[in-house]
1. May I ask you to list the residues in the stretch 131-144 that are open to solvent by 70 Å² or more (accessible area, probe 1.4 Å), within 22 Å of Glu117 (Cα to Cα) and either in contact with a His (Cβ under 9 Å, 6 or more places away or on another chain) or part of a helix (DSSP H, G or I) (or both)?
2. What number of residues in the stretch 81-97 are over 14 Å from Leu155 (Cβ atoms) and touching a Cys at 6+ places or on another chain (Cβ under 9 Å)?
3. Within the stretch 49-61, can one find any residue that is of a type outside the set (A, V, I, L, M, F, W, C), surrounded by 18 or more Cβ atoms within 10 Å (Cβ to Cβ) and farther than 21 Å from Glu7 by Cα?
4. In this structure, is Asp111 loosely packed, with under 12 Cβ neighbours inside 10 Å, of a type outside the set (Val, Ile, Thr) and within 16 Å of Ala37 (Cα to Cα)?
5. Any idea which of Leu40, Leu25, Leu113, Leu57 is assigned to a helix (DSSP H, G or I) and not polar (S, T, N, Q)?
6. Can you pull out the residues in the stretch 1-30 that are open to solvent by 40 Å² or more (accessible area, probe 1.4 Å) and aromatic (Phe, Trp, Tyr)?
7. Hey, any hits in the stretch 68-77 for a residue that's modelled with pLDDT of 95 or more and small (Gly, Ala, Ser)?
8. Does the stretch 38-46 contain at least one residue that is open to solvent by less than 10 Å² (accessible area, probe 1.4 Å) and touching a helix residue (DSSP H, G or I) at 6+ places or on another chain (Cβ under 8 Å)?
Amino acid sequence: MKTSIEEGLIFSIPLSEKSFGLGQLIVWQKPIFYMVAYDLQSESRTIDEAQELRPILMGNFFDVLIRNSRWQPIRKSPVPKVEFPCFKIKIGDKFYVESWDRQRKREATPDDLAVLEPRTNYSPIILENALKAHFGIMPSESMFDALKVERIARLSRMC
């Protein structure tokens, strides 16, 4: 049975030869998905229905590692309520703060410009490596900080 790659899909992320993490596709904005990775490390690719999942990493990622079967689909589940960042964009000579869904814009303040980054779409291996770093399997890198749920929550409030 082929699993559709669509919003709500939970998938396993290999962390080592014997352990896996979990991610989920939250929303699709062609050509990328907004994905989350959860604070769960397991020796199996399965998940208990009652298991509480806490998002720890999130961002815009391409789905190639699901399509090439490195990340294995597990099941479709309701999409949790999560924070979405906002970004700085430039239109003409002015900078604006734009919401993740591109539905809201406002002129950027100097404080906004000092904190916000342009929209970034990541390779999915960045999410995998950030999750490995979270669990101490590999060293952390400063670029992983941009994916942490605490940072996304701060940026969300700026919208």
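1. Ser140, Ser142, Met143
2. Residues that pass the stated criteria total 0.
3. No, every residue in the stretch 49-61 fails to be of a type outside the set (A, V, I, L, M, F, W, C), surrounded by 18 or more Cβ atoms within 10 Å (Cβ to Cβ) and farther than 21 Å from Glu7 by Cα.
4. No.
5. From the options Leu40, Leu25, Leu113, Leu57, the qualifying one is Leu113.
6. Selection gives Trp28 alone.
7. Looking for residues that are modelled with pLDDT of 95 or more and small (Gly, Ala, Ser), one finds none in the stretch 68-77, hence no.
8. No, the conditions are met nowhere in the stretch 38-46.
The values are calculated or read from the model by the stated rules, or taken from the named source; none is laboratory data. Quick caveat: nothing in here was measured; it's all calculated off a predicted structure. Cβ sites come from the backbone with ideal geometry, for glycine too, and all protein chains shown count toward neighbours. Remember, those area values only see protein heavy atoms, side chains included, never the ligands or the DNA or RNA. Shrake-Rupley method; radii C 1.70, N 1.55, O 1.52, S 1.80 Å.
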